[in-house]
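What follows draws every value from the coordinates through simple rules; no lab data is involved. Computed from a prediction, not measured in an experiment: that's the story for all the values here. Backbone-built Cβ (ideal geometry, glycine too); neighbour counts: all protein chains shown.
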Amino acid sequence: MRDSNLVMKLLKILSVVLLAGVALFVLLNLWLDSRENQKVYYATAGDAERDKIAGADAFDRGWLPVVLKSGVSEIREEHNVSTNQGRATYRYTPAFADALERSCSPLPPDATVTSPFWRWPSFLRKGDTAAKLRSRNVRVFRCGDFTFAINDEQQSGFFWH
């Protein structure tokens, strides 16, 4: 009887230690992941150009596509330094929409539009095609590794890569 009680106590202690180890592992991963995700706000594209780290601005580092220099503001950008995935929201002028049309390729109407980010942007639903988004006043373009979605009514846009 004493042996079975001792075994039970040891199992309980082992369970607590194991659970504490798992919790520590999860917390450590969350902390490390938060250090990998960088968020920044730029009032204008000019501000992004002036934000230099080791002599390179956000465009040089590849976090912002060069086409944004043609008339965007209120840029809220986030990227993961390990995976190189990034996304942003911004406001734009008609000059930017013109530059996007000249510099980038519209997605074919039957192309499915997907984002690597779960439930982002919120207007993008699983299985949406470029034509379906266009019916909701959203135009979608590819510019190198970047996908752009712009809403001309709101003059707001998203990009991800």
Give the shape of the chain as rounded, prolate or oblate, defined through the alpha-carbon gyration tensor: a ≥ b ≥ c are the square roots of its eigenvalues, a/c under 1.5 means rounded, and otherwise the shape is prolate if a/b is larger than b/c and oblate if not.
-> prolate
Three-way shape label, the range 64-117, alpha-carbon gyration tensor, a/c 1.5 | oblate
Among Ala95, Phe146, Trp118, whose Cα lies farthest out toward the positive end of the dipole of the chain, if unit charges sit on the beta carbon of Lys, Arg (+1) and Asp, Glu (-1)?
-> Trp118
Computed from the beta carbon distance with a Förster radius of 45 Å, FRET efficiency for Ser115 and Leu18 to the nearest 0.05 stands at 0.75
Between the range 131-157 and the range 61-91, what's the alpha-carbon centroid distance in Å?
-> 15 Å
Proxy exposure order for Glu77, Glu101, Glu153 (fewest C-beta within 10 Å first) is Glu153, Glu101, Glu77
Sorted from fewest to most neighbouring beta carbons within 10 Å, what does the list Arg87, Arg134 look like?
-> Arg134, Arg87
To the nearest 20 debye, the chain has a Cα-centred charge dipole, built from +1 on Lys and Arg Cβ and -1 on Asp and Glu Cβ, of 640 debye
Of the listed peptides 104-115, 89-100, what is their order by residue-averaged count of other C-beta atoms within 10 Å, with the highest listed first?
-> 89-100, 104-115
Checked the range 111-161 with the C-alpha gyration tensor, a ≥ b ≥ c its square-rooted eigenvalues, rounded below a/c of 1.5, otherwise prolate if a/b is larger than b/c and oblate if not; verdict rounded
Amide H proximity to Arg61 below 5 Å, modelled H, separation 5+ or other chain, gives none
Which of Ser103, Ser4, Ser70 has the fewest Cβ neighbours within 10 Å, and the rest in rising order | Ser4, Ser103, Ser70
